[in-house]
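> Okay, here's the structure, questions in a sec.
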Amino acid sequence: MTDASGLGAVRTACNRLLGAAPTRALPLARSEHSAVFRVWLPAAERPVIVKVYQGTAAWKADKEQRVIERLAASGHRAFTTPTVLAAGLLPDGVRALCLHDGGSSLQDALDQFRYPRTKALSVLNKLLAAVHLQPELQVPRLRSLAEQVRHLQDRLPPSVHNATAQVLGDVLTAGARAKQVWCHGDLHFANILLPEGQRDAPPCLIDFEETTYAPAAYDLAQSAVTTETLDPAGLALLTRGHDVDPRLLDGLIVFHCLRGRFYADRDTARWHTRLEAALTRAHHRTHALRPRGF
């Protein structure tokens with residue numbers, strides 16, 4: 001972002017798109033080209049989520065807006081999506097997306113011991129099944145699995161590239177044969193919002209920047225990695241009822257760990273630990289060599 005925190009762009013978005021300056025702004029996430037804030041506006045009953053993107057990340061605002069609008073029009077009932085309050089282009093090439101704040105997340109409920117982990121995994125399992133039943137959505141920037149794997153391989157250190165070539169090659173082969181479904185791309189506990197005071201209301205899904213079409217195992221593997229559900233019992237609960245090739249699932253777990261390890265600009269040690277666990281699992285199934293010294 002042009003300003004270090006992104007707060008300046010968020011204030012501009014509030015003034016220009018929502019018609020009022022924020023009285024309070026709480027940072028939720030930030031990267032080199034994006035920032036997400038929860039903001040409070042004068043006389044507003046609830047806070048608003050403001051996302052700002054710049055440069056090579058600006059397309060994400062447009063993609064997420066289109067996904068949300070198409071999902072809202074599809075009439076699904078298993079989950080809801082945030083209401084788009086405003087969106088638009090700001091100075092310095094910043095694109096903003098302003099969304100209704102859906103409240104606390106399933107991760108919050110876990111952290112506060114209001115939800116047992118097994119129940120949370122069951123909720124995630126059912127939501128992934130519902131997501132994969134959605135009809136095709138005509139939205140931009142839907143990179144295929146093959147494109148993503150090759151893009152990653154081009155950026156891996158040689159030792160890691162060589163040691164994971166067999167696993168990722170198997171992913172390309174099995175992935176091409178598997179049924180392609182709509183995938184959320186980043187569905188974990190923090191991206192599932194629980195309706196407040198509405199016992200039977202469906203949860204709200206957020207963050208559709210990584211939406212794509214891929215095998216169902218693509219989503220299941222990403223969810224397994226980001227919720228750190230790599231143990232056999234947890235994986236069995238997460239994938240129950242989903243028809244997935246175990247070898248493809250293991251390979252995609254390695255892929256998502258590699259992507260997080262070499263793309264992430266934070267928590268690199270945590271991603272390294274996840275990658276070690278994923279490679280150990282894949283090694284036992286495929287007898288592939290494990291990379292050293294990355």
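The values are calculated or read from the model by the stated rules, or taken from the named source; none is laboratory data. Small disclaimer: the values here were computed from a predicted structure and weren't measured. Please note: Cβ atoms are built from the backbone with ideal geometry, for glycine as well, and neighbour counts cover all protein chains shown. Just so you know, the surface numbers come from the protein's heavy atoms only, side chains and all, with ligands and any DNA or RNA stripped out. Shrake-Rupley method; radii C 1.70, N 1.55, O 1.52, S 1.80 Å.
> At q = 0.13, 0.14 Å⁻¹, work out log10 I(q)/I(0) for the chain with the Debye formula, treating every Cα as an identical point scatterer and leaving solvent out; two decimals please.
Cα-only, vacuum Debye calculation for the chain: -0.96, -1.10.
> Another one. Dipole magnitude of the chain about its Cα centre, charges +1 at Lys/Arg Cβ and -1 at Asp/Glu Cβ only, in debye to the nearest 20? Working shown, then result.
On the way: 35 positive and 29 negative charges, 45 e Å.
Result for the chain is approximately 220 debye, rounded to the nearest 20.
> Same structure, new question: What size of dipole, in debye to the nearest 20, comes out for region 88-151 about its Cα centre when the only charges are +1 on Lys and Arg C-beta atoms and -1 on Asp and Glu C-beta atoms?
Numbers: 8 positive and 6 negative charges, 54 e Å.
Using Cβ point charges on Lys, Arg, Asp and Glu, region 88-151 gives about 260 debye.
> Spelling out what I want: for every residue of region 235-244, take phi, set θ = phi - 60°, compute 6.51 cos²θ - 1.76 cosθ + 1.60 (Karplus), and round to whole Hz; glycine and proline get x.
4, 4, 5, 5, 9, 4, x, 8, 8, 10
> Pairs of Cα atoms under 8 Å, at least six residues apart: use those to get the relative contact order of the chain, whole percent.
Values: 482 pairs, mean separation 47.2, N = 294.
The normalised contact order for the chain reaches 16 percent.
> Follow-up. For region 155-268, rounded, prolate or oblate, judged on the Cα gyration tensor with a ≥ b ≥ c (square roots of eigenvalues), a/c < 1.5 rounded, else prolate if a/b > b/c?
Values: a/c = 2.03, a/b = 1.55, b/c = 1.30.
In terms of gyration-tensor shape, prolate.
> A follow-up question, please. In a shell of Cβ-Cβ distance under 13 Å around THR211, excluding THR211 itself, what net charge do Lys and Arg (+1) and Asp and Glu (-1) give? Please list the in-between numbers first.
Working: positive: LYS60, LYS63, ARG66, ARG70, ARG141, ARG143; negative: ASP62, GLU64, GLU69, GLU136, ASP186, ASP207, GLU209, GLU210, ASP219.
Within the 13 Å Cβ shell, the charges total -3.
> Next question. So for the chain, taking the charge dipole from beta-carbon charges (+1 Lys/Arg, -1 Asp/Glu), which of THR239, LEU279, ALA72 sits furthest toward the positive end?
Highest projection toward the positive end goes to LEU279.
> What's the FRET efficiency of GLU136 with SER31 using the Cβ-Cβ distance as r and R₀ = 35 Å, to the nearest 0.05? It would help to have the intermediate numbers written out before the result.
Numbers: r = 29 Å, r/R0 = 0.83.
Calculated value: 0.75.
> Would you mind getting me the FRET efficiency between ALA78 and THR280? Use the beta-carbon distance for r and R0 = 35 Å, nearest 0.05. Intermediate results must be reported in sequence, preceding the final value.
Working: r = 35 Å, r/R0 = 0.99.
Efficiency at R0 = 35 Å is approximately 0.50.
> Tally Lys and Arg at +1 and Asp and Glu at -1 over the other residues with C-beta under 15 Å from the C-beta of GLN180: what net charge comes out? Please report the intermediate quantities before stating the final value.
On the way: positive: ARG143, ARG177, LYS179; negative: GLU136, GLU147, ASP219, ASP243, ASP245.
Charge balance near GLN180 sits at -2.
> Counting Lys and Arg as +1 and Asp and Glu as -1, each charge on the Cβ, what is the dipole of region 1-149 about the Cα centre in debye, to the nearest 20? Intermediate results must be reported in sequence, preceding the final value.
Values: 19 positive and 12 negative charges, 57 e Å.
Result for region 1-149 is approximately 280 debye, rounded to the nearest 20.
> Sort LYS51, LYS60, LYS179, LYS119 by heavy-atom solvent-accessible area, probe 1.4 angstrom, most to least. It would help to have the intermediate numbers written out before the result.
Working: LYS51 10, LYS60 50, LYS179 160, LYS119 105 Å².
Largest accessible area first, the list is LYS179, LYS119, LYS60, LYS51.
> Rounded, prolate or oblate: which fits region 87-141 when a ≥ b ≥ c are the square roots of the eigenvalues of the alpha-carbon gyration tensor, with rounded for a/c under 1.5 and prolate only if a/b beats b/c? All intermediate terms of the calculation are to be shown ahead of the outcome.
Numbers: a/c = 3.94, a/b = 1.53, b/c = 2.57.
Oblate shape, in that a/c is at least 1.5 and b/c is the bigger or equal ratio.
> Mind jotting down the distance between the C-alpha centroids of region 138-169 and region 1-27, whole Å?
36 Å
> Right, here's the next one. If ligands, DNA and RNA are left out, what is the accessible area of ILE49 with a 1.4 Å probe, given in Å² to the nearest 10?
Roll a 1.4 Å probe over it and ILE49 shows about 20 Å².
> Rounded to the nearest 500, what is the chain's calculated 222 nm mean residue ellipticity when only DSSP H runs of at least 4 contribute -39500 (n - 2.57) each, over all residues? Intermediate results must be reported in sequence, preceding the final value.
On the way: 10 runs with 130 residues, N = 294.
Mean residue ellipticity at 222 nm (helix-derived): -14000 deg cm²/dmol.
> I'd like the Karplus ³J(HN,Hα) series for region 268-279: coefficients 6.51, -1.76, 1.60, θ = phi - 60°, whole numbers in Hz, and an x wherever there's a Gly or Pro.
These are the phi-based 3J(HN,Hα) values: 5, 5, 5, 5, 4, 5, 4, 5, 4, 5, 5, 5 Hz.
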